[in-house]
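**Q** First the structure, which I've put down as structure tokens, then a few questions once you've had a look.
The values are calculated or read from the model by the stated rules, or taken from the named source; none is laboratory data. Because the structure is predicted, anything quoted here is derived from the model rather than measured. In this analysis, Cβ positions are derived from the backbone assuming ideal geometry, glycine residues included, and neighbour counts consider all displayed protein chains.
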Amino acid sequence: MSINRFLLIKPWGYSIWADVDHVVGQLLIAEITDRTPIVYWGMDSLYSESVTKNSFELFFEPINEHMPHEAVRSDFTYYPPIWTSHTVLMEDPDKLKWEDRDLQDMIATDANVLVSDVYYHVGAIAPWIPDRHPLFGKTPHQIYRYLFDKYIKIQPSILDEAKQFVYENPQFRDEKPILGVHIRANGLVSEIGQIYNINDYYHPNIWSFMSNFECRHLFLITDHYKFVRQFQKIYDKYETLIVSESRKAFFRGRIHPNRSNYPNQRHKGIELIKDTSDIIKDTYLAVQCDYFIGNGYSSLSNTVLRMKDWPEKNIKLLY
């Protein structure tokens, strides 16, 4: 990486895996533009505990040894031009206006520090990959696999919790194969003038996987207890169901980080950190399954797809 060329990656501000998707895309930009990436989830992060804490590192190991303060120098130039050395670690409350955040301009800028706080999908960034780069000509999925393997390392404390879950549920370890299933409370999809509930398609696909691949257990990840009860009613009689122990509460969307009155203190701070650690743990456990069915519109389900080289027949995302 070139000296004094940084890409400061701030939070996008949505669910944990949506924010990681944002980080991964920006890491691709860092490789394309020969910039040193610095991931910094500061006080504008949903998970911030203090001004000194980088919330990204609550959940993931640092991507490199570089620190946010390295991007703060009075002689540095910044892009977008709203940033200065005095403000670069703060939040831009107007970022959703997308001013000076055109992807082509972000890639082309010669500023010392490029600041990214808006989301671009890897597929949108891929056309700028130079032919000298090992990802040139790869599909978006292949790019995601490369970047996840290279950069996204779950904190050992969360991995230890996953190991504890397996220890307490030995059938998860000893009675294979296992089908992982991720189902969301909100399954409504509006597409091409039609509205349908994607959740209506789960059980036929589950029965197909259980029958065709002789799955002995079903590991359920969900954000609502109604699905726990529904799945228990259907699958418990076969003694196949394993339910993740995380809190069943769905993410309600971005809450402005400067609000001080958070509903039930769940949208920011300690409880959300615990819930989010559980989501990451569940995602990791889903990756350990032999088969997986998920929601193609869900960042969690897509992360399960991107964290492992799945045989094509072993995974299905519903659309």
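**Q** Could you tell me which numbered condition Lys95 fails, if it satisfies all but one of (1) within 21 Å of the chain's Cα centre (by Cα); (2) free of Cβ contacts under 8 Å to residues at least 24 places away in the same chain; (3) over 23 Å from Gly123 (Cα atoms)?
**A** (3)
Here is a yes/no grid of residues against (1) modelled with pLDDT of 90 or more; (2) assigned by TED's automatic domain parsing to the domain that holds Gly296; (3) surrounded by fewer than 13 Cβ atoms within 10 Å (Cβ to Cβ):
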position	(1), (2), (3)
Ile206	yes, yes, no
Glu214	yes, yes, yes
Leu241	yes, yes, no
Lys248	no, yes, no
Gly253	no, yes, yes
Asn258	no, yes, yes
Lys268	no, yes, no
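**Q** Here's another thing I want to ask about it. Looking only at helices (runs of 4 or more DSSP H) that fall completely inside the stretch 126-199, which ones have 3 or more residues that are among the charged types (D, E, K, R)?
**A** 140-151, 156-168
**Q** Quick one: is Asp44 over 30 Å from Pro134 (Cβ atoms) and in contact (Cβ under 8 Å) with a residue 40 or more places away in the chain?
**A** Yes.
**Q** Now for a separate question. Step by step: first the residues of the stretch 47-56, then only those that are touching a residue at least 12 places away in the same chain (Cβ under 8 Å) and within 15 Å of Leu272 (Cα to Cα), then the one that is surrounded by the fewest Cβ atoms within 10 Å (Cβ to Cβ). Which residue is that?
**A** Glu49
**Q** Turning to a different aspect of this structure: Do any residues in the stretch 299-319 that are free of Cβ contacts under 8 Å to residues at least 12 places away in the same chain have Cβ atoms under 9 Å from those of residues that are in a loop (DSSP other than H, G, I, E, B) and not acidic (Asp, Glu), where the two are at least six apart or on different chains, and which pairs are they?
**A** Sorted first by the residue in the stretch 299-319, then by its partner, the pairs are Lys313/Phe213.
**Q** Further question on the same structure: Within the stretch 96-117, restricting attention to residues that are acidic (Asp, Glu) and over 12 Å from Leu8 (Cβ atoms), which residue is surrounded by the fewest Cβ atoms within 10 Å (Cβ to Cβ)?
**A** Once the filter is applied, the top-ranked residue is Asp110.
**Q** Looking only at residues that are among the aromatic types (Phe, Trp, Tyr) and assigned to a loop (DSSP other than H, G, I, E, B) in the stretch 76-114, which one is modelled with the lowest pLDDT?
**A** Result: Trp98.
**Q** Evaluate the following for Lys153: is it under 23 Å from Asn302 (Cα atoms), without any contact (Cβ under 8 Å) to a residue 12 or more places away in the chain and basic (Lys, Arg)? Talk me through it step by step, then tell me what you get.
**A** Numbers: under 23 Å from Asn302 (Cα atoms): yes; without any contact (Cβ under 8 Å) to a residue 12 or more places away in the chain: no; basic (Lys, Arg): yes.
It is false that Lys153 is under 23 Å from Asn302 (Cα atoms), without any contact (Cβ under 8 Å) to a residue 12 or more places away in the chain and basic (Lys, Arg).
**Q** Does Glu168 meet the test of being in the same structural domain as Gly296 (by TED's automatic domain parsing) and either at pLDDT 95 or above or more than 26 Å from Asn302 (Cα to Cα) (or both)?
**A** Answer is yes for this residue.
**Q** So the check is Cβ under 8 Å with 6+ separation or different chains; which pairs have a first residue in the stretch 59-81 that's free of Cβ contacts under 8 Å to residues at least 60 places away in the same chain and a second one that's in a strand (DSSP E or B) and aromatic (Phe, Trp, Tyr)?
**A** Close Cβ pairs (under 8 Å, with a partner that is in a strand (DSSP E or B) and aromatic (Phe, Trp, Tyr)) do not exist here.
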